[in-house]
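Take a look at the structure below.
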Amino acid sequence: MAKYFGTYGVRGKLGLLTPEFVSGMCAAFAAYIGGGKVVVGTDTRTSREMVKHAAIAGLISAGCEVVDLGVAASPTVEFEAKRSGAAGGVIVTASHNPPEWNALKLMGREGIGISREKGEAIEKVFESGKIRRAEWSELKEVARYELASREHADAILAKTDVKAVKKRAPFVVLDCGNGVAGAFAPRLFRELGCKVVTLNAQADGFFPGRNSEPTRENVSGLVACVKALSADLGIAWDGDGDRVIFVDEKGGYVWGDKSFALCAKIRLREGKGAVVTTVATGNVVKEVAEKAGGRIDYVPVGAPYIAERMAKTGAVLGGEEVGGVVWPEISFGKDGFMTAAKVVEETCRAGKPLSRLIGELPGFFNAKSKVDAGSGDKARTLAAIRKEFSREPGARANVVDGIRLDFPGGAWVIARPSGTENYFRVFSEARTRDEADALLSKYKRKVEEIVGRTGRK
Ligand code: MG
């Protein structure tokens, strides 16, 4: 079990992320990847310079050369890592967490995120204290590179139908959440041919405009603005720009699984193939992908698993239900800017408002809960849950992460251990609210019973 690594890197407050810890962990990471060139970027948090310099010191001490991109979106760092053939990458960002947090998102070759399992190997090196440090004569340089954002934007423009967007010149409101999007998105969407109004576009590590996670509650200002200005759509990013959500022309909040499904529709029209997603993703994506001639390939929850699978199989698209889509021609990381550009392109190409495009997708209802995992062995409890769930008649079981049961007709339920807390997450989805709620309460009760039996020491 990883002590520090979560689904994508090491996240914490400054009590954990001291300069000593960051430098040591990055030296262990450098040893793990065997040296070479590492690209480094940060979001807009107040702790960014402290954490970044500690990270760079650790990387150089263990023989890496560093390309410092400065403040850069996570998808820009992932793009640059892949484009430049770097041995690895470090993104100093806590994504959508509150401002007092920070984190190290670590990537290996091709900008593929370091999964929890690989993180465990790095932790072992870190805890052993046995890291070969470079001699004075072997120490490499740090180079500043200022063009990554420009090149990333150009790559997005090259893969988007700019002509179709320019013809319609949609009016978009961009809520950059005081994060990295402010220095990237307004210019990109003007170049794409949109009329742009911005909210919270100034970089500010206190996130004064709104909380960094683009939830429905947090983007109420954007919703009000889209309505007041009669804009065609609103777009909001999280702190590091990998996640994006949309607000339609009526002020309706569009859930991440719907925009992901729309992206699958766009992508599979451009070319057929597999869409990689996590077992926690709703069936709207699956139905849309299968109808468009694609197929779904499920991986465990966590962005690095999506990246690993896509690089291995040549899948045409990947993503998570929270509003992050991976476009492999750009990078193997979730790219909130490419995703937004493609959604804008689709409204222009189809000549339909976003609410219509979303309304044409299949509708599902979901219900979520969690069950305390108790003090017993979580793996043993999970094995018991899998055994009991597998007995369900008529359901198709998938044990990629926890256990997911798919029922005929599109309803499904999943129970999986949380990666960060002592819980089992239970999640259900169905075509009616009643059915989703009934499924959730039935399977939540089963999990509670099993934890009651096996979840004690
Ligand atoms: Mg993020």
Odd one out for ALA86 among (1) more than 16 Å from the ligand (Cβ to nearest atom); (2) farther than 20 Å from TYR4 by Cα; (3) not in a loop (DSSP other than H, G, I, E, B): (3)
Residue satisfying condition, being in contact with a strand residue (DSSP E or B) (Cβ under 9 Å, 6 or more places away or on another chain), part of a loop (DSSP other than H, G, I, E, B) and at pLDDT below 95, within set GLY409, GLY376, GLY394: GLY409
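Per-residue answers, yes or no, for (1) closer than 21 Å to VAL326 by Cα; (2) in contact (Cβ under 8 Å) with a residue 40 or more places away in the chain; (3) more than 13 Å from the ligand (Cβ to nearest atom):
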{"residue": "ASP68", "(1), (2), (3)": "no, yes, yes"}
{"residue": "THR76", "(1), (2), (3)": "yes, yes, no"}
{"residue": "HIS96", "(1), (2), (3)": "yes, yes, no"}
{"residue": "GLY108", "(1), (2), (3)": "yes, yes, yes"}
{"residue": "ILE114", "(1), (2), (3)": "yes, yes, yes"}
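Somewhere in the stretch 335-353, is a residue farther than 21 Å from ALA261 by Cβ and either more than 16 Å from the ligand (Cβ to nearest atom) or not acidic (Asp, Glu) (or both)?
In the first step, residues of the stretch 335-353 are kept if they are farther than 21 Å from ALA261 by Cβ; the result is none.
Scanning the stretch 335-353, I find no residue that is farther than 21 Å from ALA261 by Cβ and either more than 16 Å from the ligand (Cβ to nearest atom) or not acidic (Asp, Glu) (or both), so the answer is no.
Being part of a helix (DSSP H, G or I), of a type outside the set (A, V, I, L, M), modelled with pLDDT of 95 or more and touching a strand residue (DSSP E or B) at 6+ places or on another chain (Cβ under 8 Å), is that true of even one residue in the stretch 58-69?
First pass over the stretch 58-69, keeping only residues part of a helix (DSSP H, G or I): 58-61.
Next, from what is left, pick out any that are of a type outside the set (A, V, I, L, M): 58, 61.
The next check asks that each one be modelled with pLDDT of 95 or more; those that pass are 58, 61.
Then keep just the ones that are touching a strand residue (DSSP E or B) at 6+ places or on another chain (Cβ under 8 Å); that gives none.
No, the stretch 58-69 contains no residue that is part of a helix (DSSP H, G or I), of a type outside the set (A, V, I, L, M), modelled with pLDDT of 95 or more and touching a strand residue (DSSP E or B) at 6+ places or on another chain (Cβ under 8 Å).
How many residues does the stretch 40-66 hold that are touching a residue at least 60 places away in the same chain (Cβ under 8 Å) and at negative phi?
Residues of the stretch 40-66 touching a residue at least 60 places away in the same chain (Cβ under 8 Å): 41, 43-48, 56, 60-66.
With at negative phi added as a condition, the list becomes 41, 43-48, 56, 60-62, 64-66.
Total meeting the criteria: 14.
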Leading residue by the ranking (farthest from the ligand (Cβ to nearest atom)) among those in the stretch 212-238 that are under 21 Å from VAL326 (Cβ atoms) and in contact with a helix residue (DSSP H, G or I) (Cβ under 7 Å, 6 or more places away or on another chain): ILE235
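Conditions tested, residue by residue: (1) closer than 30 Å to ARG295 by Cβ; (2) among the small types (Gly, Ala, Ser).
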position: ALA228; (1), (2): no, yes
position: ARG243; (1), (2): yes, no
position: PHE246; (1), (2): yes, no
position: LYS258; (1), (2): yes, no
position: ALA261; (1), (2): yes, yes
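Is it true that LEU17 is more than 23 Å from ILE156 (Cα to Cα), outside the structural domain of GLY314 (by TED's automatic domain parsing) and either in contact with a Cys (Cβ under 8 Å, 6 or more places away or on another chain) or within 16 Å of the ligand (Cβ to nearest atom) (or both)?
Considered against the rule, which asks whether it is more than 23 Å from ILE156 (Cα to Cα), outside the structural domain of GLY314 (by TED's automatic domain parsing) and either in contact with a Cys (Cβ under 8 Å, 6 or more places away or on another chain) or within 16 Å of the ligand (Cβ to nearest atom) (or both), LEU17 comes out as no.
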Residue in the stretch 424-437 that is surrounded by 18 or more Cβ atoms within 10 Å (Cβ to Cβ), assigned to a loop (DSSP other than H, G, I, E, B) and outside the structural domain of VAL285 (by TED's automatic domain parsing) present: no
Failed criterion for SER390 (all others in (1) without any contact (Cβ under 8 Å) to a residue 24 or more places away in the chain; (2) surrounded by 14 or more Cβ atoms within 10 Å (Cβ to Cβ); (3) of a type in the set (S, T, N, Q) hold): (2)
Checking LYS370 against (1) surrounded by fewer than 22 Cβ atoms within 10 Å (Cβ to Cβ); (2) touching a residue at least 60 places away in the same chain (Cβ under 8 Å), the condition it does not meet: (2)
Residue under evaluation ALA383, criteria (1) outside any strand (DSSP E or B); (2) at pLDDT 95 or above; (3) among the small types (Gly, Ala, Ser); (4) buried (at least 18 other Cβ atoms within 10 Å of the Cβ), criterion not met: (4)
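The values are calculated or read from the model by the stated rules, or taken from the named source; none is laboratory data. Just so you know, these numbers come straight off a predicted model, no measurement behind them. As a convention, Cβ positions derive from the backbone with ideal geometry for all residues, glycine included, and neighbour counts pool all protein chains shown.
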